[in-house]
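Here's the structure we're looking at; comments come further down.
The values are calculated or read from the model by the stated rules, or taken from the named source; none is laboratory data. Just so you know, these numbers come straight off a predicted model, no measurement behind them. With ideal geometry, Cβ positions are generated from the backbone for all residues, glycine too; neighbour counts draw on all protein chains shown. Each accessible area value is taken on the protein alone, full model and side chains, heavy atoms only, with ligands, DNA and RNA left out. Shrake-Rupley method; radii C 1.70, N 1.55, O 1.52, S 1.80 Å.
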Amino acid sequence: MYHKCPKFAVTGVSLIWAGFMVYLLTHLQSFADYGGRFQVGAKYAHEYLSNISHSAFKEEAKTISTTNQAAKKKLINVVIQAREDNIGGLISAVNSVIANTKSSVHFHFVVSDETIFHLQEWMKVPELSNVQYSIAQLPAHLEKYYNAAKFAFLDIFPSLHDRAVYLDPDVIVQGDLADLFKIPILVKDLGAFSDDCQAGSASKRVTSRVEMLYASRLNLKQHEIAKLNLNPLTCTFSTGVFVTSDVDTWRNEKVAEKILDLIHSHERSSIIGPQGGLDVVEAAILAIFHGRTSPIDPMWHVGNLGLSRGSRYSPFYLNNAKLLHFNGHFKPWKSVRSFGSTFEQKIWDKYFIPDPLGRFVPIRKKYSEI
């Protein structure tokens, strides 16, 4: 036996269903927006967690500054300083950047007067003819400080704003530099650097952790250094590869002037610690930037290449590194005193472009000598 539903019940259900459909249609865009916000939030959370290795991210997560969509499309400014004896390294570094970076890049070269013409001619080769670049010299009063471009670029290139990437001329970039350029930097920090102690977790250390502390690398008793109240047990960082925060922030905080003041004080009393191994510019940067650096993924700065004749990394590890730094004495263009394995040298050779003037010729061992 079938029972008929009362007419008022059917009418009620119909009204409820109609009301639900109206609500759904009027809020459809809101649901879409929410889904978009969820995706963006999930992406941000993933990026944040991938950079949480540095303790500062845990303590000051709310102050993290990341680039927006517009910033991702910005021109990537790169600063490199070189001299005549390592200009070939600069060329390989530049070629590696443009070969692996999809974004537009503008290079800012700081070289000596004798090297300007040489570099200009080299940049005319077909592989580099479309590269955007500017060339400048160090001011006369800074010429004796080779690494001075690490802070002097603020005045040398006054039109440079926003972020910039600094690279030593003895690096090879194997990743898309845009990934390094947009790395999160804490608002309080002046830039992103690789931690000398944390680098050991992704590479084979050649020195102990103690040798990488401020107590070993800076003279904490020197008058000007002592006034900074630096923590002696803090790990230092590498100045060979870094990403600046906003360049105008550096100018507003007079970063260059502070570094130069410490350099001048060094002439009266050394600011370099008992461990040594630093030049005065690097030591001054370590002092001024103490406690104000965000971390770089260790794979974006695999250093210690060429410190000895023996290879320190496996071919697999080197192939997967985003940036290789030949910061040791045995440079890849001076293999007459090769550091044993030729694998690192082959990576560098891949990006080297012969000098059209014939002045810079990499030294190579004969096959029978390898």
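Hey, among Glu257, Glu282, which residue is in a helix (DSSP H, G or I), of a type in the set (Asp, Glu) and within 28 Å of Leu233 (Cβ to Cβ)?
Working: Glu257 fails: within 28 Å of Leu233 (Cβ to Cβ).
None of the others qualify; the one that does is Glu282.
Can you confirm whether Leu228 is crowded, with 22+ Cβ neighbours inside 10 Å, in contact (Cβ under 8 Å) with a residue 60 or more places away in the chain and out of contact with any Phe, Trp or Tyr (no Cβ under 6 Å at 6 or more places or on another chain)?
no
In the stretch 260-311, which residues are under 17 Å from Ile225 (Cβ atoms) and among the basic types (Lys, Arg)?
As a first pass, look at the stretch 260-311 and keep what is under 17 Å from Ile225 (Cβ atoms): 260-292.
Selection gives Arg268, Arg292.
Among the residues of the stretch 288-303, write down those that are out of contact with any helix residue (DSSP H, G or I) (no Cβ under 6 Å at 6 or more places or on another chain) and not β-branched (Val, Ile, Thr).
At the first step, the residues of the stretch 288-303 found to be out of contact with any helix residue (DSSP H, G or I) (no Cβ under 6 Å at 6 or more places or on another chain) are 289-297, 299, 301-303.
Of everything in the stretch 288-303, those that are out of contact with any helix residue (DSSP H, G or I) (no Cβ under 6 Å at 6 or more places or on another chain) and not β-branched (Val, Ile, Thr) turn out to be Phe289, His290, Gly291, Arg292, Ser294, Pro295, Asp297, Met299, His301, Gly303.
Part of a loop (DSSP other than H, G, I, E, B), of a type in the set (D, E, K, R) and either open to solvent by 10 Å² or more (accessible area, probe 1.4 Å) or on the phi < 0 side of the Ramachandran plot (or both), is that true of Lys150?
On the way: part of a loop (DSSP other than H, G, I, E, B): no; of a type in the set (D, E, K, R): yes; either open to solvent by 10 Å² or more (accessible area, probe 1.4 Å) or on the phi < 0 side of the Ramachandran plot (or both): yes.
No; evaluated as a whole, the condition is false for this residue.
All but one of (1) touching a Phe, Trp or Tyr at 6+ places or on another chain (Cβ under 6 Å); (2) surrounded by fewer than 22 Cβ atoms within 10 Å (Cβ to Cβ); (3) aromatic (Phe, Trp, Tyr) hold for Phe117; state the number of the condition that does not hold.
That leaves (1) as the condition not met.
Can you name the condition, by its number, that Ile259 falls short on among (1) among the aliphatic types (A, V, I, L, M); (2) closer than 26 Å to Lys188 by Cα; (3) without any contact (Cβ under 8 Å) to a residue 60 or more places away in the chain?
It fails just one condition, (3).
When you look at Gln137, is it surrounded by 14 or more Cβ atoms within 10 Å (Cβ to Cβ), more than 21 Å from the chain's Cα centre (by Cα) and not aliphatic (A, V, I, L, M), yes or no? Talk me through it step by step, then tell me what you get.
On the way: surrounded by 14 or more Cβ atoms within 10 Å (Cβ to Cβ): yes; more than 21 Å from the chain's Cα centre (by Cα): yes; not aliphatic (A, V, I, L, M): yes.
Yes; evaluated as a whole, the condition is true for this residue.
What do you reckon, is Phe107 of a type in the set (Phe, Trp, Tyr) and closer than 27 Å to Asn319 by Cβ?
Details: of a type in the set (Phe, Trp, Tyr): yes; closer than 27 Å to Asn319 by Cβ: yes.
Here the answer is yes, as Phe107 does meet what is asked.
Residue-by-condition table, conditions (1) within 24 Å of Ala149 (Cα to Cα); (2) at pLDDT 95 or above; (3) within 22 Å of the chain's Cα centre (by Cα):
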{"site": "Gln198", "(1), (2), (3)": "no, no, yes"}
{"site": "Leu262", "(1), (2), (3)": "yes, yes, no"}
{"site": "His266", "(1), (2), (3)": "yes, yes, no"}
{"site": "Glu282", "(1), (2), (3)": "yes, yes, yes"}
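Just for the stretch 292-303: of the residues that are within 30 Å of Thr342 (Cβ to Cβ) and out of contact with any Leu (no Cβ under 6 Å at 6 or more places or on another chain), which one is surrounded by the fewest Cβ atoms within 10 Å (Cβ to Cβ)? I'd like the intermediate steps shown before the answer.
Going residue by residue through the stretch 292-303, those that are within 30 Å of Thr342 (Cβ to Cβ) are 296-303.
Subset that is out of contact with any Leu (no Cβ under 6 Å at 6 or more places or on another chain): 296-299, 303.
Working: Ile296: 27, Asp297: 18, Pro298: 19, Met299: 16, Gly303: 26.
The selected residue is Met299.
Of the residues that make up the stretch 269-291, is at least one out of contact with any Pro (no Cβ under 9 Å at 6 or more places or on another chain), surrounded by fewer than 16 Cβ atoms within 10 Å (Cβ to Cβ) and without any contact (Cβ under 8 Å) to a residue 24 or more places away in the chain?
Checking the stretch 269-291: at least one residue is out of contact with any Pro (no Cβ under 9 Å at 6 or more places or on another chain), surrounded by fewer than 16 Cβ atoms within 10 Å (Cβ to Cβ) and without any contact (Cβ under 8 Å) to a residue 24 or more places away in the chain.
Looking at this structure, is Ser265 open to solvent by less than 60 Å² (accessible area, probe 1.4 Å), in a loop (DSSP other than H, G, I, E, B) and farther than 30 Å from His106 by Cα?
On the way: open to solvent by less than 60 Å² (accessible area, probe 1.4 Å): yes; in a loop (DSSP other than H, G, I, E, B): no; farther than 30 Å from His106 by Cα: yes.
Taking the combined requirement at face value, the residue does not satisfy it.
Could you say which residue among Gly328, Gly306 is buried (at least 20 other Cβ atoms within 10 Å of the Cβ), modelled with pLDDT under 95 and either under 16 Å from the mean Cα position of the chain (by Cα) or closer than 23 Å to Met212 by Cα (or both)? Show your work before the answer.
Values: Gly328 fails: buried (at least 20 other Cβ atoms within 10 Å of the Cβ).
Of Gly328, Gly306, the one residue that is buried (at least 20 other Cβ atoms within 10 Å of the Cβ), modelled with pLDDT under 95 and either under 16 Å from the mean Cα position of the chain (by Cα) or closer than 23 Å to Met212 by Cα (or both) is Gly306.
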